[in-house]
Amino acid sequence: MKSVFVRLTTLLAVLALVVTACGDDGDDVGGSGGTDEDEGSIAADYDLSGASFTVGSKDFTEQLILGQIAIAALEEAGASVTDQTNLGGTVVARQALESGDIDLYWDYNGTGWIEFLGETEVTSDGDALYEQVREADLEENGIVWYEPAPLNNTYALAQSQEAADEFGVTNLTEYGELVESSPDDATLCIESEFESRDDGLPGMEEHYGYDVPTDIITVLDIGPVYQATADRDPCNFGEVFASDGRIAALDLTVLEDDQGFFPPYNPSVTVREETHEEHGDQLSEMFAEIANALDLETMQELNARRDVEDEFEEDIAREWLQENGFIG
């Protein structure tokens, strides 16, 4: 009888230890040490399970980060995603969308209006321009534009502070005056797309009424343009994107577009009409929430993490999404 009592007492002690251990695990899950999955995420509230998407992007930093943001959000919502980011320039990315090689990518309302739709009269109101592009591109090309981000990644010309002090140029009108009076001081670094686009150098020259001589123009990849402009070698002025983090990092001064040539460039996710018809309710709402969180300061910081701090686009995108509750 004593032996039975001892065995029973031992069994009860073991059970107590098991219950205590389970209780500790439960406290960890339910308390401040809980997992991200338990806490949920915004993208996980959408159901894209079973859906497959191929995501593209152009080939510059902001586009690569936006592409990775789209990929991570889609995966969080349960979709299977193929990464086709870093396709090349605007024409390549757009053709990939129209042909069905990709299902979606981010593009800019100014680009859509001028480059894709061939329009020349441009409003400075980003929201109004988005509505014009959204309606016309759907009707003419079967492309759907989702809600745009508030950030405006417009083209601009910039100079070093040293050049600003030396030449006193503050806007694009004064830059034209320098081109005419002292072209050797008006040297300009640009990338190849800006050289040929209607919303780039040709359009700027026509709008402002001057021609930049080809012998003072140096065509580079977009990344080296910033450092070349800061170093004043080989140019005193350079083409920049307004949301690029290197403007602040290199202490560049942006020239005012005083005659309002460059249109707004607010990014939107663009999709083919067939993709929208199948998944549009989920996609449009999810990407609207993400786009609304992308203001100019945020994008400048994200871009700087890649171009100044040399972080990977995937890491930048995922960390920003996690910090803002979009993914777990």
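The values are calculated or read from the model by the stated rules, or taken from the named source; none is laboratory data. Please read these numbers as outputs of a predicted model, since none were measured by experiment. Ideal geometry is used to build each Cβ from the backbone, glycine not excepted, and the neighbour counts take in all protein chains shown. Side chains are part of the model used for accessible areas, which takes the heavy atoms of the whole protein and leaves out ligands, DNA and RNA. Shrake-Rupley method; radii C 1.70, N 1.55, O 1.52, S 1.80 Å.
With all protein chains kept in place, the per residue accessible area of the range 186-296 amounts to 40 square angstrom at a probe of 1.4 angstrom. Within the accessible area of the chain, the carbon and sulfur atoms contribute 46%, probe 1.4 Å, all protein chains present. Over the range 88-179, accessible surface divided per residue gives 41 Å², non-protein components excluded, 1.4 Å probe. Which of rounded, prolate or oblate describes the range 243-328 when judged by the alpha-carbon gyration tensor and an a/c cut-off of 1.5? Judged from the Cα gyration tensor, the range 243-328 comes out oblate (a/c at least 1.5, b/c at or above a/b). Taking GluC sites (Glu not before Pro) across the range 90-126, the ones in a DSSP loop with at most 13 further Cβ atoms lying within 10 angstrom of their Cβ are GLU121.
Around the Cα centre of the range 66-129, unit charges on the Cβ atoms of Lys, Arg, Asp and Glu (plus for the first two, minus for the last two) sum to a dipole of about 160 debye. By the Stokes-Einstein formula, at 1.002 mPa s and 20 °C, the range 69-197 with its Kirkwood radius over alpha-carbon pairs has D equal to 121 µm²/s. The convex hull around the C-alpha trace of the range 163-239, projected and averaged over every direction, spans 4.6 square nanometres. For the chain, the alpha carbon positions stretch 113, 47, 28 Å along the principal axes, listed from largest to smallest.
Secondary-structure-derived ellipticity at 222 nm for the chain, considering helices only, amounts to -15000 deg cm²/dmol, per-run term -39500 (n - 2.57) for DSSP H runs with n ≥ 4.
Between the Cα long axis of helix 313-323 and the first principal axis of the chain there is an angle of about 60°, rounded to the nearest 10.
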